1. Restricting attention to region 82-91, report how many residues are in a helix (DSSP H, G or I) and buried (at least 20 other Cβ atoms within 10 Å of the Cβ).
2. Output the number of residues of region 107-130 satisfying the condition of being crowded, with 16+ Cβ neighbours inside 10 Å and under 19 Å from residue 156 (Cβ atoms).
3. Looking only at residues that are open to solvent by less than 10 Å² (accessible area, probe 1.4 Å) and within 29 Å of residue 143 (Cβ to Cβ) in region 156-172, which one is modelled with the lowest pLDDT?
4. Only residues that are modelled with pLDDT of 95 or more, of a type in the set (A, V, I, L, M) and more than 13 Å from the chain's Cα centre (by Cα): list them for region 62-80, please.
5. Restricting to region 27-80, name every residue that is over 16 Å from residue 116 (Cα atoms), assigned to a strand (DSSP E or B) and of a type in the set (S, T, N, Q).
6. Can you tell me which residue within region 28-54, out of those that are within 19 Å of residue 89 (Cα to Cα), at pLDDT 95 or above and not hydrophobic (A, V, I, L, M, F, W, C), is farthest from the chain's Cα centre (by Cα)?
7. Of all the residues that make up region 31-42, how many are open to solvent by 30 Å² or more (accessible area, probe 1.4 Å) and either in contact with a strand residue (DSSP E or B) (Cβ under 9 Å, 6 or more places away or on another chain) or in contact (Cβ under 8 Å) with a residue 12 or more places away in the chain (or both)?
Amino acid sequence: MQNWEDKKLLAEAMAQVEQGVFLMAEGNPMTISWCEFGRVWNRPVCTVLVRQSRHTHGLLEQSGRFTVSIPKAGDRKEALAYCGTRSGREVNKLEALGLSLLPARAGGADGLAGCAMHFECRVVFKLEGDLRNLDEAIRRQFYGDNQATPDGDPHTVYFGEILAAYRESADR
């Protein structure tokens, strides 16, 4: 297992987040591009945001576990696009794309096999978004005028304690 505070690992992870990474919950990959790594409550954490309408939201609510699987730069573009536009309620994304799971090593969720890095987490805190508290310009940009009310499908912010961080190829 790699030290989660390894600055090179975190720099590579954060650079890829903007291009898209996989949030894994109960075998369901969802593409995200909002993710933060840091330290809260004297614990290493990975913070992710999931809209309440998403299938992944329900999976996280049930399991309390997730893994962020990060592909190599420029890799998995088709899978990232597919997993960002399809719901796990309607299709098994792993089967549709011929992907497989990487078994969890430290109590997080299974990761997506073939990715460069994995951060296994357990939810230690969640915060339900209240769009009334969000800057108006940000609210309009990311939630639109039709969702600018408190019940307009806000995100839940999940703080996941990082249980393990590792490079797939280095530790297999």
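1. Residues meeting the conditions: 1.
2. 7
3. Out of the qualifying residues, it is 156.
4. Answer for region 62-80, where residues must be modelled with pLDDT of 95 or more, of a type in the set (A, V, I, L, M) and more than 13 Å from the chain's Cα centre (by Cα): just 79.
5. Result: 28, 47.
6. If we take residues in region 28-54 being within 19 Å of residue 89 (Cα to Cα), at pLDDT 95 or above and not hydrophobic (A, V, I, L, M, F, W, C), then 28 is farthest from the chain's Cα centre (by Cα).
7. Number of matching residues: 8.
One line per residue, one yes/no per condition, for (1) among the hydrophobic types (A, V, I, L, M, F, W, C); (2) under 19 Å from residue 166 (Cα atoms); (3) open to solvent by less than 50 Å² (accessible area, probe 1.4 Å):
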{"position": "13", "(1), (2), (3)": "yes, yes, yes"}
{"position": "26", "(1), (2), (3)": "no, no, no"}
{"position": "29", "(1), (2), (3)": "no, yes, yes"}
{"position": "44", "(1), (2), (3)": "no, yes, yes"}
{"position": "61", "(1), (2), (3)": "no, no, no"}
{"position": "80", "(1), (2), (3)": "yes, no, yes"}
{"position": "101", "(1), (2), (3)": "yes, yes, no"}
{"position": "105", "(1), (2), (3)": "no, yes, no"}
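The values are calculated or read from the model by the stated rules, or taken from the named source; none is laboratory data. Quantities reported herein were computed from a predicted structural model and do not represent experimental measurements. Here the Cβ is made from the backbone with ideal geometry for all residues, glycine too, and neighbour counts use every protein chain on show. Just so you know, the surface numbers come from the protein's heavy atoms only, side chains and all, with ligands and any DNA or RNA stripped out. Shrake-Rupley method; radii C 1.70, N 1.55, O 1.52, S 1.80 Å.
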